[in-house]
1. Taking the range 174-204, which residues are small (G, A, S) and either surrounded by fewer than 17 Cβ atoms within 10 Å (Cβ to Cβ) or on the phi > 0 side of the Ramachandran plot (or both)?
2. Quick one: count up the residues across the range 117-144 that are at pLDDT 95 or above and of a type in the set (K, R).
3. Return the only residue of I74, I52 being modelled with pLDDT of 95 or more and in contact with a Ser or Thr (Cβ under 8 Å, 6 or more places away or on another chain).
Amino acid sequence: MSATGTRVKDSGKSLHERTIECRENGYLLSGKKIGTGAFSKVYLGYATPNKISKNYKLANDLRSKNHNMVAIKIISINEAPLEYSKKFLHREIYALNATYRHPGVVQLYDMFRSLKRFYLILELALSGDLLEHINAVSHSKGSPGLSEEEARRLFKQIVNAVMHCHNNHIVHRDLKCENILLDEQGFVKLTDFGFANHYTDRSALMNTFCGSVAYTAPEILLSRKYNGEQADLWSLGVILYAMVTGKLPYHEKHPRKLVQLIRKELPFHHPVSSGILPAMNRGHSHKASQSRSADLGSGPQCLCNLIISRFRKHD
């Protein structure tokens, strides 16, 4: 048999195994893939009535949703590095449990494992991710970005979700538009806690390089130790820029070159309101950053504090 034929056979066998393992644990696995990670795949699934009756989290949440659909995240033990299985996966589970029962955070309903795989049963968000939404709205209205009114509404929800994580001593460390889902009612659901970490001392510094370069704080790009909460706030600033302008502020992939761009004033290619523009420029400018370190600073804190303060005035 050809190599291609072998892969097809192995894939079919693997799908059959996953289907059986899910059924044995009270879930029906569909063939519809709704997400893909470095070491995982996410499928649409269904919780059986018997499972729902025995699982409080499922029963409590799905009753209000009037459906039995779930997202089934499957992690291959053989494909994932040992460090991921031993450290990051356990951190993800811990973070999801620690942030349970917040409307802006995806809920972890259940988990189980086989010899080859870990399974996480998660809340399903039916309307895709924030990046897809920004692109769809931009295409529909013929100009980039969301309206500032919609950006304000969504950003407040995102900030509330991240504040909930921080209040429970969890930093996300991979905040980006693709990790913010939207449910069928248009409310945000923060997801993918694969790089999340628990902390007890807010002043403690971390050293693991996490996240996507475009959303990453400058001190991390320079391989320095960093404060996890401040790093999350920086990423929030990038997300806000993407919502308002329809694009990321910078497209440089080399970390140190990106830091040089960050020190300059943010580029704007179409008008934004007089309230958002100063906040964004102050938030990411080098002049506003002196309290962070000698050459970086508190840009995202300034940005988010100013924007959140302005948004609250519109309540």
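The values are calculated or read from the model by the stated rules, or taken from the named source; none is laboratory data. The structure presented is a predicted model; accordingly, all values stated were derived computationally and were not measured. Please note: Cβ atoms are built from the backbone with ideal geometry, for glycine as well, and neighbour counts cover all protein chains shown.
1. G186, S203, A204
2. Adding up the residues that qualify gives 1.
3. Among I74, I52, only I74 is modelled with pLDDT of 95 or more and in contact with a Ser or Thr (Cβ under 8 Å, 6 or more places away or on another chain).
Every residue, every condition in (1) under 16 Å from L181 (Cα atoms); (2) without any contact (Cβ under 8 Å) to a residue 24 or more places away in the chain, yes or no:
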{"position": "Y84", "(1), (2)": "no, no"}
{"position": "A95", "(1), (2)": "no, no"}
{"position": "S114", "(1), (2)": "no, no"}
{"position": "G128", "(1), (2)": "yes, no"}
{"position": "H133", "(1), (2)": "yes, no"}
{"position": "E149", "(1), (2)": "no, yes"}
{"position": "F155", "(1), (2)": "yes, no"}
{"position": "V159", "(1), (2)": "yes, no"}
{"position": "M163", "(1), (2)": "no, yes"}
